Amino acid sequence: MSPPILRSLQLTKFYPPINGGIETAVRDIADGLSSRQWQVEILCANNRRETVVETGAIPVTRVASWGQVASTSLTPSLIPWLRRRQAEHEIVHVHLPNPMANLALWLTRPKALLIVHWHSDIVKQQRLLKLYAPLQNWLLRRADAIIATSPPYAETSPWLKAFAKKVHIVPLCVRDTAALDDAVKRRERAAALRARYPGKKIVFALGRMTYYKGFDVLIDAAALLDDDTVVLIGGSGELLQPLRDKVISAGLGNKVHLLGRIEDADLPAHYEAADLFCLPSLLRSEAFGLVMPEAMALSRPVVATNIVGSGVPWVNAHGESGLNAEPGDPVSLAQAIRQVLNDAALARRLGEGSRRRYEALFTVEKMTDALLGVYEHLLHTPRA
């Protein structure tokens, strides 16, 4: 007798090829579950006023969006789509923050098991949060399980404390670039990238150009680094041009290069070319920092920031996979970067430690195992 078919509906804001940390995480969750015989479907917002249904091994429905207000997609047709699709799944797995998805769940009241994946508190939109809070609390009460991405975030989130008994820790993951990528081509591309900056030590940073990423602090720190160091920052966003203006006004055009969006195929070579990876984020809006495990997979030492209550300093274990500087402090950040760049033995030890930490915590297999543990627990435990 064949085993029953189990289905999971992943309800999320966007989905690749739209880029972002949550989008990447949902893709890897979907791939991991599919590899373990689960049927997975994605329901998300589109980035235009058109609903698109994509068939394939993992069906994706991108619901028409009428724009965004306060980072929330306006997708009223998500409600009827969710009402239709949720009945066919054993588990509805919603990824937050996503007020529109929260509203749709409240209106449709799914009978399936409901998992809330808590990627981050809402940090910036505090006025709107006061209006949204009752809806968010309803969802947390209704959830059969809540997933947090790191122990520090679960312990410090004011929203999760009241529901600690049903919180499970499942760290995010990244694909093993060192194993899956063409190592020869990656190294050739990395060598070509280093050749553009002969004799320079390379600091690589990557992320969306937005307020909490701290790239302005990294630019200030670059002014304090030795002249044999170059800082490469990849990513696009609303602050890209203001940051480029800051580089020019500071006279750092030969030392800091804002590269704009880097194609996915070219990212491994940038990690490979770097002497260290830097995540200079400032606030708990940076709940995890998925780019750090990407660097760790390629054995790169990491310099990040000690954001209190964030998962960032937990992902980058100080003294094991890298060093953590004080957020918002260019002197502290520059000191940590110089400490790694000027000590070859330390850089080698931290690089080896970062790969070990990646293998222990952040592989797709580890995340899928942990996630399926939560799924199996819910499926075999009587509901309250």
Please state which one of I29, I5, I58 is within 18 Å of E90 (Cβ to Cβ), among the hydrophobic types (A, V, I, L, M, F, W, C) and buried (at least 18 other Cβ atoms within 10 Å of the Cβ).
-> I29
Can you tell which of R338, R357 is among the basic types (K, R), modelled with pLDDT of 95 or more and under 30 Å from V40 (Cβ atoms)?
-> R357
Tally, over the stretch 58-74, of residues that are in a loop (DSSP other than H, G, I, E, B) and either outside the structural domain of P17 (by TED's automatic domain parsing) or at pLDDT below 90 (or both) = 5
Residue pairs meeting the criteria (Cβ under 8 Å; at least 6 apart or on separate chains; first over 15 Å from D176 (Cα atoms), in the stretch 339-362; second assigned to a helix (DSSP H, G or I) and small (G, A, S)) | V340/A347; L341/A347
Looking only at residues in the stretch 77-89 that are over 22 Å from P17 (Cα atoms) and part of a loop (DSSP other than H, G, I, E, B), which one is modelled with the highest pLDDT?
-> H89
Quick check, is A325 crowded, with 24+ Cβ neighbours inside 10 Å, at pLDDT 95 or above and aliphatic (A, V, I, L, M)?
-> yes
D264: among the acidic types (D, E) and in contact with a strand residue (DSSP E or B) (Cβ under 9 Å, 6 or more places away or on another chain), yes or no?
-> no
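Here's the yes/no breakdown for (1) more than 16 Å from the chain's Cα centre (by Cα); (2) without any contact (Cβ under 8 Å) to a residue 60 or more places away in the chain; (3) assigned by TED's automatic domain parsing to the domain that holds Q339; (4) surrounded by 18 or more Cβ atoms within 10 Å (Cβ to Cβ):
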residue: S249; (1), (2), (3), (4): yes, yes, yes, no
residue: N254; (1), (2), (3), (4): yes, yes, yes, no
residue: L258; (1), (2), (3), (4): yes, yes, yes, yes
residue: I262; (1), (2), (3), (4): yes, yes, yes, no
residue: L267; (1), (2), (3), (4): no, no, yes, yes
residue: C278; (1), (2), (3), (4): no, no, yes, yes
residue: R284; (1), (2), (3), (4): no, no, yes, yes
residue: F288; (1), (2), (3), (4): no, no, yes, yes
residue: V291; (1), (2), (3), (4): no, no, yes, yes
Residues of the stretch 346-384 being in a helix (DSSP H, G or I) and more than 22 Å from S299 (Cα to Cα), which ones?
-> T368, D369, A370, L371, L372, G373, V374, Y375, E376, H377, L378, L379
Which residues, taken from the stretch 187-209, are buried (at least 16 other Cβ atoms within 10 Å of the Cβ) and free of Cβ contacts under 8 Å to residues at least 60 places away in the same chain?
-> Y197, K200, M209
Boolean, R355 is basic (K, R) and either more than 22 Å from the chain's Cα centre (by Cα) or surrounded by fewer than 15 Cβ atoms within 10 Å (Cβ to Cβ) (or both) = no
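The values are calculated or read from the model by the stated rules, or taken from the named source; none is laboratory data. These numbers come from a predicted model, not from an experiment. Positions of Cβ are backbone-derived with ideal geometry, glycine not excepted, and every protein chain shown enters the neighbour counts.
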